[in-house]
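Okay, structure first, notes after.
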Protein chains: 2
Amino acid sequence: MRKLDKILYPESVALIGASEKEGSVGNELLKRITEFKYNGKLYPINPKHSSIMGIKCYAKITDVVDEIDLAIIAVPAKFVSGVIDECHLAQVHNVIIISSGFKEIGGEGIELEEKLKNQIEKYNMTLVGPNCLGVFNADGKLNFDGCFGPTIPEVGTIGFATQSGALAGGVFNISKSARIGFSQMVSLGNQTDVDALSVLEQWENDDNVAQILLYLESIKDPEKFRKLATKIATKKPILAIKAGRSSAGAKAAASHTGSLAGTDSYFEGLLKSCGVVREFSLREMFNDAKVLGNCPLPKGKRLAIITNAGGPGIIATDTASDYKLEVNTFSSELQEKLKTLTLPQASVKNPVDLVASASMEHYTNVCEEVLKSDEVDMLLVIYLYITGKHDMDILKSLEQLKKKYPTKPIIISYMTTPDFFERVKTEMPNSTIPLFDDVQDAVRGFKLLCDRKEFLDGIKQKTPIFEVKNDVVDKILKQAEKEARTLLTTKESLEIFKAYGLLMPKFESALTLAQAEKAIKKVGFPCVLKISSKTVSHKTDFGGVVVGIKNKADFIENFNMLLNKCREAKIEKSLDGIIVMEQVKGSSRELVAGVAPVGEKGHQMMFGIGGIFVEALKEVAFRPCPLTMRDVDALVSSTKAKNIMGEVRGKKAVDINVVKDSLLRLSQLVSDYKNIKELDVNPFMIDDEGRFLTVDARIVMK
Amino acid sequence: MRKLDKILYPESVALIGASEKEGSVGNELLKRITEFKYNGKLYPINPKHSSIMGIKCYAKITDVVDEIDLAIIAVPAKFVSGVIDECHLAQVHNVIIISSGFKEIGGEGIELEEKLKNQIEKYNMTLVGPNCLGVFNADGKLNFDGCFGPTIPEVGTIGFATQSGALAGGVFNISKSARIGFSQMVSLGNQTDVDALSVLEQWENDDNVAQILLYLESIKDPEKFRKLATKIATKKPILAIKAGRSSAGAKAAASHTGSLAGTDSYFEGLLKSCGVVREFSLREMFNDAKVLGNCPLPKGKRLAIITNAGGPGIIATDTASDYKLEVNTFSSELQEKLKTLTLPQASVKNPVDLVASASMEHYTNVCEEVLKSDEVDMLLVIYLYITGKHDMDILKSLEQLKKKYPTKPIIISYMTTPDFFERVKTEMPNSTIPLFDDVQDAVRGFKLLCDRKEFLDGIKQKTPIFEVKNDVVDKILKQAEKEARTLLTTKESLEIFKAYGLLMPKFESALTLAQAEKAIKKVGFPCVLKISSKTVSHKTDFGGVVVGIKNKADFIENFNMLLNKCREAKIEKSLDGIIVMEQVKGSSRELVAGVAPVGEKGHQMMFGIGGIFVEALKEVAFRPCPLTMRDVDALVSSTKAKNIMGEVRGKKAVDINVVKDSLLRLSQLVSDYKNIKELDVNPFMIDDEGRFLTVDARIVMK
């Protein structure tokens, strides 16, 4: 049995705090349960009444003799604890606490919530809330609407879980005008017990929920979320608003549900890594849900646009281009064919402009020809009612074509009379093609389908496991541990990365001039000198780096200078060498990778443009560790770093597989050694030949 | 009289091609004119009828004895020329040609259009079209709907001019559901005579048009557009979709109205320079029109958010932050005051969360307190109907408050029952506060108001005129002209920029070793050597640049090397010197400025991150020349170049006024010398002290 089965599919419900008082929560709840025709046993509980709204009322839950699957509690916060005790006595294991006045108000509320948490654990109960709107399940056999708020939503296939209860009420209010329908809803409230993860687990295998929509302000256990969401997202789409993105928003979230929003760049990477569609507005989330719920995934990115108005066709083409979709010019064969199916004034290249006076037949025939063609993966139909009202007929005809060509997604953008959507409901209630007013919204739909296709394709790739020299790493870490050091030296860090297969310029290490002279013979000119110390972490600030050494005289002078500097600063003893490194030719292309801890256990990797402009350019992307192939693909392609890695003014492009490989090796290192706290390579330099070289390294242990 | 007065305000109209045939354009037009209750004289023209729809019909326009202000022509393209001759005979000076089959179909259509153009010029007529939907004027005294298409739009204060006629039909269809109203519309068609500029001129001083919305695929005379639009935008908002942004979209536009879209970066700069709000979708354009048409401009960027649901409040806060609006935490005084006006669970910091059970009074009192406060510039009210339906009452109360506090913009985001907007129409028909479903759309409204405020403030700044050494420039240009050179040498270019007041490192020029030795004494080490030639334009590719020269031996060696190289390449005679330039210290911060021609007369300036990553980073902005202060402000602040110019890792920030100054001086140079085709400074280097130095220069003459 799934954890929430008795909460979402209860055969019997007690409503504690049921009330006759118009406008009270206890009354609203009772009304909603009965109005939605709950198909189970309902027990209102209120000591002041023997019946409410014609239903027998009990003084206490213990008075009910039958088994109760679920108790919904809507009494003031201070009475909740007592009610929970009674629920326990009545052997009720599942409760929803609607009441507010807990953690979210601070002060005594925090204590109340702590107490509640202990009770729930002690009694082994499942709890939704407190401070929530309740739950909703439109399952046809059950019809359970256990939430207050004024509107019963349109019924559909969306499961919606939300940390903002009022938002669920608002969303239900507008579900009709937004033309979306819900199968289930869970208002998470303070998530004292049941949280977003519990709901995801519940919905993973509930076929009533075809898509999962989330409104989140925090993610409690990101690692668990990642595993679960990735798994579910391969079966059904997950769309999420993660609010508290900005620092002002995060502050507001903290005072809303007392939850810490955390760094947004982390959540951005986390959600993308899981294949969760991140949403920034409800409107877009609902639009996306309509598309994902009703379209097949396209094979490729070639979009055909058929319109009877030039302007919107061009706007659609521009938008498609923004989204990297291809509005490909049709072959001359297809154009010739289309010429025979259109008015002479029509343009048939793609976008196909049928012109304002196009007839139904023009639409139907051209759409079919295009769907049939192997030059097209997706079809956008734009229809402006100008002469002859074909809006409904076009929809009917396209629904037929959709059945005939089921592998190609179709979306329609309509600018017709305002009663259109009402007419669709009456005349075409089972129509499934997503309809939008605005072409931009429609085109966004195709982008989303392509993204999902890419996710499902990408998830199949296996993450490689590299053969590495663990003995080298073990030895270095053991030594550091022995010396109780958390900061590894540059030399140690370079050696560890080398053991994990990262490419680097030739380097040697020397503590005496004699060793240095040996080293330079192996390394050659021009070279770089940098100190490797157990105590100095910022060697540049210390003046411990010299670049551009071109000859022996310079080399000796600078080596001695560095040695002296260390002596003067009395860090001589902590020096484990001066590194003599081959200077990278044409070093203006610098990238950076870093792994930093997030939360209590997790790590994330950052990758992007490095050098002194890391902060100024902010061309870095983040993904959680361990990296998957999809993550590493995203890291190397989602910022302008990709342009730096390409050919730049005659400097050769880097082999992108080497870059991916390097990042995956770093990720493997962090997985293999749990006591690594953070590490970075800053910079990676790309030389003029396109070699991707680790030039400086830092590792910090826990 | 304005050019379009008789077209938009005709006292008498002849409809040539008036028809009885249901569904024909001539019939649709007649219906629309009569249905909208045209308050002027109407003369249907059709040789086959003596009356149509009960109105006396004339065989030819010359049969009408009365004066005719405007002829609307809806006959097949091949007959148009004859009809124009007849219009001339009838002394009709204003015509709208609805008919298509001209330039847009290519081939013979182009000839037909050419002929039409000549006729119009010969007869000194004003022509709207051909290939258009007509015009519309809701002026209450006139009621002139001279366009075909099925829907009479909602009446309001928007003037809409569009290059896509069908789009106007579509927009009219959805005007009711989009909740926007139109006062006038001009479908521009092929713009053979009347174009977007004519319409702008017309609407500049027509008080019936409070806002101008444009759908454009091309801008014929960008310089004229710039002057006119800038002037008008200070009086009333202009919002424009400029389609054909992408190369695919531009191709589609070319085959739509045969117009060349041009480079989008140019139009982006042009529209922004004029203070035109650039739109990418109709939905956003209409939303923006609602806000600009109904809100005062805020004094600052501090936004108060009042909500009864935490979630949407946080989404709004995040969005505000995206738009650089300030959701400022209220002072403790204001918070204390608000505490007395809210439920104990409410959060009063901003966003103010009144919680789901908030009453009308909570809303009214808190909104008033916030509007009263000098801590707040703008107010977003979010209302989700959860308990107690206050939607209409809140609107009523806010309309009152709007009157009482008229300087602060108010926008509302509602998630209430779907009938709400219908109810508003009945119960609050004169309500003016913009209402949105989605908080993101609402917050975008405030951003727009702030942008407009910034535009109106910025436009007041005077562009400085710098004192420069024109004699230096004149002399150099004269010499180049004498030698019939269009490419100036590096030395000449540097000298011109210096004469225009740009800062540069010390530099001298030498043709002999003796001169070079003199030069280096003035310049000092480290230095750079680069050839300045009348024929070599890419001196780096030629190998004509040496950097990092630290001592005299190196200097002499390299100077001789460069001289020899020039001798070997036989460009010795075209050499006007080898430049000896002080090497900039800490030169990793490189910027680029360039002026390039656009169209036939205009120029645009580009400014952004330079060096080898110009193309890879694409952090450059464009503005048309001559630059205004607003343009130069935008150039220095709209890309990540601004971060490079700030303090970076201990390197000092540049004085941004020096940067602006330099760009304005370059702009002045191009204005002063019309025969300059293009110029660039690549790079400007910022040294570690924050000096902004012109390091390399190029000027090309026409």
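A few comments on the model shown:
- Search result, residues across segment A:396-417 that are surrounded by 15 or more Cβ atoms within 10 Å (Cβ to Cβ) and either under 25 Å from A:LYS301 (Cβ atoms) or free of Cβ contacts under 8 Å to residues at least 24 places away in the same chain (or both): A:LEU398, A:GLU399, A:LEU401, A:LYS402, A:TYR405, A:LYS408, A:PRO409, A:ILE410, A:ILE411, A:ILE412, A:SER413, A:TYR414
- Pick from segment A:9-18, criterion assigned to a loop (DSSP other than H, G, I, E, B) and surrounded by fewer than 22 Cβ atoms within 10 Å (Cβ to Cβ), ranking: farthest from the other protein chains (Cβ to nearest Cβ): A:GLU11
- For segment B:344-364, a residue qualifies if it is surrounded by fewer than 17 Cβ atoms within 10 Å (Cβ to Cβ) and either more than 10 Å from chain A (Cβ to nearest Cβ) or farther than 15 Å from A:ILE105 by Cα (or both), and the qualifying residues are B:SER359, B:MET360, B:GLU361.
- Among the residues making up segment A:536-558, those that are surrounded by 14 or more Cβ atoms within 10 Å (Cβ to Cβ) and more than 18 Å from A:ASN682 (Cα to Cα) are A:ILE549, A:ASP554, A:PHE555, A:ILE556, A:ASN558.
- Here B:GLU333, B:GLU326 are screened, and the one residue that is within 12 Å of chain A (Cβ to nearest Cβ), farther than 18 Å from B:VAL355 by Cα and among the charged types (D, E, K, R) is B:GLU326.
- The single residue among B:LYS60, B:LYS6, B:LYS37 that is under 22 Å from B:GLY165 (Cβ atoms) and away from every other protein chain (no Cβ under 14 Å) turns out to be B:LYS6.
- Checklist (1) of a type in the set (A, V, I, L, M, F, W, C); (2) more than 28 Å from B:ILE609 (Cα to Cα); (3) free of Cβ contacts under 8 Å to residues at least 60 places away in the same chain applied to A:VAL670, failing item: (3)
- Residues that are hydrophobic (A, V, I, L, M, F, W, C) and either under 16 Å from B:LYS408 (Cα atoms) or under 25 Å from the mean Cα position of the chain (by Cα) (or both), drawn from segment B:437-452: B:ALA442, B:VAL443, B:PHE446, B:LEU448, B:LEU449, B:CYS450
- Flag if A:GLY159 is surrounded by 18 or more Cβ atoms within 10 Å (Cβ to Cβ) and at pLDDT 95 or above: yes
- Flag if B:LEU575 is in contact with a Cys (Cβ under 8 Å, 6 or more places away or on another chain) and either outside the structural domain of B:ILE686 (by TED's automatic domain parsing) or farther than 20 Å from B:ILE686 by Cα (or both): yes
- The residue of segment A:139-156 that is farthest from the other protein chains (Cβ to nearest Cβ), among those that are surrounded by 22 or more Cβ atoms within 10 Å (Cβ to Cβ) and outside any loop (DSSP other than H, G, I, E, B), is A:PHE144.
- Residues that are touching a strand residue (DSSP E or B) at 6+ places or on another chain (Cβ under 9 Å), outside any helix (DSSP H, G or I) and of a type in the set (D, E, K, R) within segment A:433-466 comprise A:ASP437, A:ASP438, listed in sequence order.
- The set of residues in segment A:397-422 that are within 23 Å of B:ALA166 (Cα to Cα) and not aliphatic (A, V, I, L, M) comprises A:SER397, A:SER413, A:TYR414, A:THR416, A:THR417, A:PRO418, A:ASP419, A:PHE420, A:PHE421.
- Of all residues in segment A:584-610 being outside any strand (DSSP E or B) and surrounded by fewer than 20 Cβ atoms within 10 Å (Cβ to Cβ), the one that is modelled with the lowest pLDDT: A:SER587
- Matching option when the condition is within 30 Å of A:ILE411 (Cβ to Cβ) and either touching a residue at least 40 places away in the same chain (Cβ under 8 Å) or among the polar types (S, T, N, Q) (or both), among A:GLY458, A:GLY524: A:GLY458
- Among residues of segment A:53-83 being closer than 11 Å to A:LEU15 by Cα and of a type in the set (Val, Ile, Thr), the one that is surrounded by the most Cβ atoms within 10 Å (Cβ to Cβ) is A:ILE72.
- Of all residues in segment B:162-190, those being buried (at least 23 other Cβ atoms within 10 Å of the Cβ), more than 10 Å from every other protein chain (Cβ to nearest Cβ) and either without any contact (Cβ under 8 Å) to a residue 24 or more places away in the chain or not aromatic (Phe, Trp, Tyr) (or both) number 9.
The values are calculated or read from the model by the stated rules, or taken from the named source; none is laboratory data. Model, not experiment: these values are computed from the prediction. Methodologically, a virtual Cβ is constructed for each residue, glycine included, from the backbone with ideal geometry; neighbour enumeration extends over all protein chains shown.
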